[in-house]
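Everything on this sheet refers to the single structure shown next.
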Amino acid sequence: MTPKFSRGFLFILILLIPLCLKANDGYDLWLNYRKIENKTLLDKYSKAFNSYYITGNSETLKAAENELKRAFSGLLGTKPKVLNSITNNCIVLATKNESVLNGQISAKEYEVLGKEGFIIRSVKINSKTCTLITANTDIGILYGVFHFIKLIQTQQINNKLTITETPKLNIRALNHWDNLDGSIERGYAGNSLWKWDELPNTVDKRYIDYARANASVGINATVLNNVNSNPKILTKSYLEKIKTLADVFRPYGLKVYLSVSFTSPIKLGGLPTADPLNSQVIDWWEAKAKEIYTLIPDFGGFLVKANSEGQPGPQDYGRTHADGANMLAQALEPHKGVVMWRAFVYNSDPEEDRVLQAYNSFKPLDGQFKDNVLVQIKNGPIDFQPREPFSPLFGAMPNTSLMMEFQITQEYLGFSNHLVFLSTLYEETLDSDTYAKGKGSTVANVIEGKYSSNKLTGMAGVSNIGNSRNWCGHPFAQSNWYSLGRLAWNPETSSESIADDWIRMTFSNDKEFIAPVKKMMLESRETTVDYMTPLGLNHIMAYDTHRGPGPWVDTAAQPNWKSTYYHRADSIGIGFDRTTSGSNAVSQYFPAVRDTFNSIETCPENLLLWFHHVSWKHKMKSGKTLWDEMCKHYYNGVDKVRKMQSSWNKLKSFIDEERFVKVKQLLEEQQEEAVIWRNSCVLYFQTFSKMPIPGELERPEKPLSYYIDLKIE
Ligand code: BDP
């Protein structure tokens with residue numbers, strides 16, 4: 001029997017069709033291969049690229065081929081032909097030694113490419129016009145294919161392609177702070193992607209999409225578990241699960257690494273000690289390394305948080321960080337594994353400025369680490385604040401491989417509820433001049449290994465990925481994962497171009513959409529700094545959760561977890577004196593930087609209260625008092641969120657309903673929280689300054705006590 005539908009039902013169905021077509025839940029990330037709407041361009045691309053020729057059939061090349069097919073069917077609505085010989089308008093995928101290349105690319109050019117670089121070039125092979133994607137390795141080809149797809153997605157293909165790309169850093173890593181029970185430390189987008197209960201027998205298809213996304217931006221390393229590591233991760237049964245993940249990720253050039261606990265030999269091996277110089281301990285780690293490499297021959301290595309925030313480490317046995325790192329490095333060395341040893345260490349001494357501690361612990365160890373150790377340093381000296389100066393360790397350890405650790409998950413920047421494009425924060429750090437080798441010695445140069453004798457390089461980002469359908473919670477938080485990959489590939493990439501590509505790939509190529517959205521993104525981090533921690537303020541978030549304001553926090557498990565420790569507001573002024581007459585943290589920088597930060601006249605105002613205790617009446621560059629200026633920033637922050645809202649509200653017609661509404665709702669939430677931040681901080685700091693909120697500004701609706709009691713959940 002044929003089902004009968006009422007007219008009304010059919011009418012609703014017709015109305016819903018366009019909505020369904022436009023629906024987008026964000027799962028595809030920037031690999032959003034929707035059909036090109038511009039007919040002329042569609043025709044042009046379809047003619048120029050209608051077939052491909054591939055040599056080789058490794059898993060990686062198959063992945064490249066599949067990606068090409070997927071992108072073509074989505075973007076162009078066509079199925080490219082697979083060819084047996086080269087014809088006009090085909091794409092040729094071939095590694096260096098394939099005879100078909102016929103000397104197109106010189107040996108010298110291949111030399112430059114290294115193991116992961118690629119060339120995309122418009123060439124003539126046997127008098128046929130085609131697009132060549134070539135590399136020394138299969139993974140280079142895969143990266144080249146993703147780059148080529150990006151050019152189509154962003155509609156930036158010109159007639160003569162001449163692209164050469166090589167990554168500037170060796171290790172381009174995501175650090176997952178995922179626990180074995182599925183929760184994620186500081187994760188705001190659901191639970192862990194890793195389904196430990198199901199592994200190794202069941203392989204979630206999502207693992208492949210995760211690997212595709214990473215490969216598309218050149219991320220080649222994933223540390224699967226929390227730096228506060230559960231020793232169980234090294235048991236046989238977990239290693240088998242991890243082997244399965246490594247097998248899935250391998251074709252995409254993504255190596256697996258693990259965070260390990262320093263006391264694993266005690267907890268798992270039953271040894272009485274974890275002393276890195278004890279021979280049983282050394283043997284235990286060597287045997288463990290062998291066991292891992294038998295299962296996972298290309299295992300990347302270990303990430304270690306030691307003697308930090310209660311984690312065990314070599315200092316528990318009177319040994320140094322170098323002793324600890326080197327012992328692990330020795331176990332991994334025969335297998336070509338590396339150790340990423342974190343410099344995020346500080347004690348609970350209320351007298352010693354926390355800012356000094358990482359530098360003081362690590363600088364003296366320069367030159368003592370084995371060649372397969374990288375010291376992984378957080379971008380700033382404290383802890384992923386909305387703004388920090390760069391860590392003085394960059395440039396200060398010329399005989400050690402140093403890698404960058406950024407945070408992608410927005411622990412201190414409004415979780416996944418605030419739109420904050422972190423690329424500008426990353427860029428600010430990378431562009432900072434350390435003066436290690438005179439003017440122009442940027443942090444980017446330092447981590448590229450330009451001034452060091454050790455040549456391992458890397459960048460890690462603490463992941464913001466969870467199992468929520470759109471991976472990162474906020475649709476715009478995806479751009480932070482994307483940015484980390486782009487900057488790890490080339491730390492000198494501009495945020496402007498990253499934002500441009502991301503918007504085009506994720507949302508739309510329409511200029512009317514790109515311009516306002518790019519503006520929102522590029523300004524968003526400064527906006528957040530304004531309503532949270534302007535002028536160098538930091539660590540004044542709610543206790544422990546770090547969500548919402550908590551400048552009044554004055555009791556904590558350790559003194560340097562109190563907000564009052566950081567802002568030091570009193571009747572005279574506000575800020576932490578780190579000048580030569582204060583804690584002297586300025587002297588950890590090279591002289592030119594030290595002098596700039598040390599003087600209240602030359603210290604950049606956006607870091608003023610980081611380095612100086614400043615009188616409320618101090619005259620700022622604007623001519624306003626510090627107090628008025630601080631108020632101005634807090635109020636500006638809120639105004640700018642409101643501007644983001646009105647910009648976004650005008651963009652409804654450009655994108656799908658689903659993502660439009662989601663961002664709109666999140667911006668409303670962000671606006672409310674920004675007001676809470678502003679009112680809390682202004683009212684609280686006013687109890688010290690005793691100065692009025694400048695006349696023209698709207699007054700907080702509620703008294704300070706209201707905000708102190710408020711918890712943002
Ligand atoms: C802090 C987090 C804490 C992490 C720690 C770290 O609050 O959860 O364990 O950093 O980086 O930002 O080890």
* Checking Y110 against (1) modelled with pLDDT of 95 or more; (2) assigned to a strand (DSSP E or B), which single condition isn't satisfied? -> (2)
* Being surrounded by fewer than 17 Cβ atoms within 10 Å (Cβ to Cβ), on the phi < 0 side of the Ramachandran plot, within 16 Å of the ligand (Cβ to nearest atom) and in a loop (DSSP other than H, G, I, E, B), is that true of even one residue in the stretch 228-237? -> yes
* **Members of the stretch 579-592 found to be under 27 Å from E411 (Cβ atoms) and under 29 Å from the mean Cα position of the chain (by Cα), listed by number** => A585, V586, Q588, Y589
* Structure fact -> A careful count of residues in the stretch 613-634 that are crowded, with 17+ Cβ neighbours inside 10 Å and in a loop (DSSP other than H, G, I, E, B) gives 4
* Evaluate the following for W284: is it without any contact (Cβ under 8 Å) to a residue 40 or more places away in the chain, within 16 Å of the ligand (Cβ to nearest atom), crowded, with 17+ Cβ neighbours inside 10 Å and not in a loop (DSSP other than H, G, I, E, B)? => no
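Taking the stretch 261-277, which residues are assigned to a loop (DSSP other than H, G, I, E, B) and either buried (at least 17 other Cβ atoms within 10 Å of the Cβ) or in contact with a Gly (Cβ under 6 Å, 6 or more places away or on another chain) (or both)? Spell out how you get there, then give the answer.
Our first condition is that a residue be assigned to a loop (DSSP other than H, G, I, E, B); within the stretch 261-277, this holds for 261-263, 268-277.
Correct list: S261, F262, T263, L268, G269, L271, A274, D275, P276.
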* From D639, D656, residue being surrounded by fewer than 22 Cβ atoms within 10 Å (Cβ to Cβ), more than 30 Å from I36 (Cβ to Cβ) and modelled with pLDDT of 95 or more -> D639
* **Restricting the stretch 199-208 to residues that are in a loop (DSSP other than H, G, I, E, B) and not hydroxyl-bearing (S, T, Y), the residue that is most open to solvent (accessible area, probe 1.4 Å)** => K205
* Inspect all residues belonging to the stretch 85-94 and state whether any of them is among the small types (G, A, S) and over 30 Å from A213 (Cβ atoms). => yes
* **Per-region count, the stretch 238-260, residues more than 20 Å from G466 (Cβ to Cβ) and open to solvent by less than 10 Å² (accessible area, probe 1.4 Å)** => 3
* Count - residues of the stretch 181-198 that are closer than 17 Å to L258 by Cβ, within 16 Å of the ligand (Cβ to nearest atom) and either buried (at least 18 other Cβ atoms within 10 Å of the Cβ) or in contact (Cβ under 8 Å) with a residue 60 or more places away in the chain (or both) -> 2
* Residue, nearest to N360 (Cα to Cα), within the stretch 305-324, restricted to residues that are away from the ligand (no atom under 14 Å from the Cβ) and without any contact (Cβ under 8 Å) to a residue 40 or more places away in the chain -> Q315
* Looking at the stretch 329-349, is at least one residue assigned to a helix (DSSP H, G or I), within 16 Å of the ligand (Cβ to nearest atom) and either of a type in the set (S, T, N, Q) or open to solvent by less than 20 Å² (accessible area, probe 1.4 Å) (or both)? -> no
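The values are calculated or read from the model by the stated rules, or taken from the named source; none is laboratory data. Note that this is a predicted model, so its numbers are computed, not measured. Virtual Cβ from ideal backbone geometry, glycine too; neighbours counted across all protein chains shown. The protein model used for the area step is the full one, side chains on, heavy atoms only, and it has no ligands, DNA or RNA in it. Shrake-Rupley method; radii C 1.70, N 1.55, O 1.52, S 1.80 Å.
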